[in-house]
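What follows is a set of notes on a single structure, which appears directly below.
The values are calculated or read from the model by the stated rules, or taken from the named source; none is laboratory data. Since we're looking at a predicted model, the values are computed, not measured. Virtual Cβ from ideal backbone geometry, glycine too; neighbours counted across all protein chains shown.
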Amino acid sequence: MAVEKKFIEDAIARYRVATFLEHELDRAGFSKVDIQRTPMVTRIAVEVTTPGKVIGRKGKTIRDLTDAVQKEFGIDNPQISVVDVRNADLEPRLVAKKVVKLIEMGKNVRRMLHASLKTVMDAGAMGAEIVASGKIAAKGGRSKSLRVVAGYIPKAGEPARLVRRSHVTAYPKSGAIGVLVRIVPPGTIFPDKGEIKKIELPKVISAAEVDEVKL
């Protein structure tokens, strides 16, 4: 029981640190964080689109962030490293943030989902799913859900662990809209599935035009 309690406490601590960093580094284009504990140090690798904003002038920002993590969560000797995002179109949180911003700008939700899915698949994803749920209709309308999907997206069992996911909420005038993004990155090997053939996108998705937006 003591071992199980330690695993639970460790998982909760990781979640709290990840949530804190997600909030603090949102403007730096936060994508994800990897936390590894060792007997000597706790290594924290954050992936962002603009590493310079995390490091700061002469490293001041990252030092302040390290001190904040140490004081807030009681972590001894945390070491934060910054990694540049290789491809933002394959990172679920960044894709969701882009969809959210476009929705808050008043863009058509269905068209944004089609265009965003096309961008993800064009980037080489083996599968992707984007779901928008909430006040999609005009203000006062009923909540509903829109879903677009392409390729292979396992939903259960061990293969589902290989799917990257993120959920971000938009707040347009009509009401809150949650955006869930699931992505299977290129090169993913599923033990229960053979080689995945080239994916043909439906015309409504392949013809969608992508709106450029800065995060």
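Before moving on, here are some points about what is shown:
- Qualifying residue in segment 113-133 (condition: basic (Lys, Arg) and either over 22 Å from Thr188 (Cβ atoms) or within 16 Å of the chain's Cα centre (by Cα) (or both)): no
- Of the residues Thr119, Thr49, the single one that is touching a Gly at 6+ places or on another chain (Cβ under 6 Å) and closer than 21 Å to Val179 by Cα is Thr49.
- Note on segment 151-169: residues that are out of contact with any strand residue (DSSP E or B) (no Cβ under 6 Å at 6 or more places or on another chain) and not in a helix (DSSP H, G or I) amount to 4.
- Restricting segment 199-215 to residues that are of a type outside the set (D, E, K, R) and assigned to a loop (DSSP other than H, G, I, E, B), the residue that is modelled with the highest pLDDT: Leu201
- Single condition Val148 does not satisfy, out of (1) at pLDDT below 90; (2) not in a helix (DSSP H, G or I): (1)
- When Val46 is tested against (1) surrounded by 16 or more Cβ atoms within 10 Å (Cβ to Cβ); (2) modelled with pLDDT of 90 or more; (3) assigned to a helix (DSSP H, G or I), just one condition goes unmet, and that condition is (3).
- All told, Val83 falls short of being more than 30 Å from Asp122 (Cβ to Cβ), touching a strand residue (DSSP E or B) at 6+ places or on another chain (Cβ under 6 Å), surrounded by fewer than 18 Cβ atoms within 10 Å (Cβ to Cβ) and aliphatic (A, V, I, L, M).
- Members of segment 90-130 found to be assigned to a loop (DSSP other than H, G, I, E, B), small (Gly, Ala, Ser) and crowded, with 24+ Cβ neighbours inside 10 Å, listed by number: Ala125
- Among all residues of segment 115-122, there is at least one that is under 14 Å from Val168 (Cβ atoms), in contact with a strand residue (DSSP E or B) (Cβ under 8 Å, 6 or more places away or on another chain) and at pLDDT 90 or above.
- Where a residue in segment 179-198 is over 12 Å from Ile130 (Cα atoms) and assigned to a loop (DSSP other than H, G, I, E, B) and its partner, wherever it lies, is of a type in the set (A, V, I, L, M) and at pLDDT below 85, with Cβ under 9 Å and at least six apart: Thr188/Ile196; Phe190/Ile196
- Residue match in segment 19-26 (condition: over 26 Å from Val179 (Cα atoms), modelled with pLDDT under 95, outside the structural domain of Ala128 (by TED's automatic domain parsing) and surrounded by fewer than 19 Cβ atoms within 10 Å (Cβ to Cβ)): no
- Verdict on Ala13 being surrounded by 16 or more Cβ atoms within 10 Å (Cβ to Cβ), on the phi < 0 side of the Ramachandran plot and not basic (Lys, Arg): yes
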